1. Would you work out what percent of the accessible area of region 149-252, with all protein chains in place, is carbon or sulfur (probe 1.4 Å)?
2. For region 253-347, with equal point scatterers placed on the C-alpha atoms only and solvent neglected, what are the log10 I(q)/I(0) values from the Debye formula at q = 0.14 1/Å, to two decimals?
3. Ratio of region 277-403's C-alpha Rg to 2.2 N^0.38 Å, to two decimals?
4. Working with all protein chains in place, sort Phe150, Phe340, Phe253 by solvent-accessible area computed with a 1.4 Å probe, largest first.
5. For labels at His369 and Phe319 in the simple 7 Å Cα→Cβ model, what's the distance in nm?
6. Count the lysine pairs in region 115-243 that are 8 or more places apart or on different chains: how many have C-alpha atoms under 27 angstrom apart?
7. Ignoring ligands, DNA and RNA, what accessible area per residue does region 194-274 give at 1.4 Å, in Å²?
8. Structure shown: which of Lys98/Lys357; Lys270/Lys398; Lys98/Lys274 lie over 28 Å apart, alpha-carbon to alpha-carbon?
Amino acid sequence: MNPRSLPVAASLDAPDPVLERVLIEDTNNSSQGGERNFLAHQPILLDQISKSFRGEVVNRSFSMKAANRNDEDLENGMLEKDIEKSVRSNKVVTVHNKALLSGVAYCISSCSMILVNKYVLSSYGFNGGISLMVYQNFVSVVVVSSLRVFGIISTEPLTWRLVRVWLPVNVIFVGMLITSMFSLKYINVAMVTVLKNVTNVITAVGEMYLFNKTHDNKVWTALFLMIISAVTGGITDLSFHAIGYTWQIINCFLTASYSLTLRRVMDTAKQVTKSGNLDEFSMVLLNNTLSLPLGILLILLFNEVDYLSRTPLLLLPTFWLVTTFSGLLGLAISFTSMWFLHQTSATTYSLVGSLNKIPLSVAGIFLFHVSTSLENSASILFGLLAGVFFARAKMQDKSQTRS
């Protein structure tokens, strides 16, 4: 799951706040009466005709129309019951299509996000990871604010009380995005997805100590398999880069911290809002708005201003087009993840997120021409399958806990 579901930046597996918010809330708490009488619309017959004869005419007329209607239905292979079944079937198909469409949209946007970020950082050779993060978040703020101004969405006002409560979460959020950018520059996409499994291990241990949450043996077995795949993947990685792996390990700890801190802060944040709730759009605007001044400060501290003043990339229209597109993709993940979650369930959402890593890893290897060995490919596949096994184990663990 991608951390910039608020919106997502470069990391794919960070806790998705849409799903996170659902899990937190779970933890803490035939047609109208037949046909109208068409006789009322029939012209009045001649007054000289007797009432009995008029009744006969009416009865015959009604019988003929009913017979004609039934004949038409029979020609189409339908009777009234068949028509009702067809209507119900169409409703089911519509719902299923919405779920499928939302799932495809979520998978495409989440895969595209990390691939585009990799393209900007590696193919373009852009060394301003913090600046890229700030620009992407700025794009998100502009789009969400515009939607709010036009009345398409509504968000909570950013009060000082809410900012003070949310600031610790936002600091971790910014660190998570930046370290994800730094690691993605040096490590191939497939290994990033495998190494991010370590986040699940740290989160599980944190839940055990902070929330007294227990997990069954299947969950711990899956976590153990994730650790093995990460270690073997690193050992067999032909493009191993110590700096990239260091940033990724730091990212795993920050991502787990973000998930655990979000659970503690969410209830307090809701209490200081005017509506008593904090929806996804409000979190997108809150997180990204607060990240801008902090990101600018980090740009100055890391001296990216000097790099930005010298790089010719900022003069290329295509570079601005790609970076703007990456910002829109981050926001698209927020919307599609919300849409997908509303059309299905948290369980399906989580499982699809795990399965989504497989095509992402394959695409990353082929699109960026990554040199790999049979051992490394086996380690990557092993890690991806361990992630799917972990998602299923978590589902079973959750269902057993509720029962």
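The values are calculated or read from the model by the stated rules, or taken from the named source; none is laboratory data. As the structure is a prediction and not an experimental result, all values here were calculated from the model. As a convention, Cβ positions derive from the backbone with ideal geometry for all residues, glycine included, and neighbour counts pool all protein chains shown. Note: areas computed on protein heavy atoms with side chains; ligands, DNA, RNA excluded. Shrake-Rupley method; radii C 1.70, N 1.55, O 1.52, S 1.80 Å.
1. Using a 1.4 Å probe with all protein chains present, region 149-252 comes out at 71 percent carbon and sulfur.
2. Taken in order of the listed q values, log10 I(q)/I(0) reads -0.81.
3. Dividing the Cα Rg of region 277-403 by 2.2 N^0.38 Å gives 1.44.
4. If we order Phe150, Phe340, Phe253 from most to least accessible, we get Phe150, Phe253, Phe340.
5. Going from the His369 label point to the Phe319 one covers 2.1 nm.
6. 5
7. It amounts to 48 Å² per residue over region 194-274.
8. Working: Lys98/Lys357 22 Å; Lys270/Lys398 25 Å; Lys98/Lys274 33 Å.
Checking Cα-Cα distances, Lys98/Lys274 exceed 28 Å.
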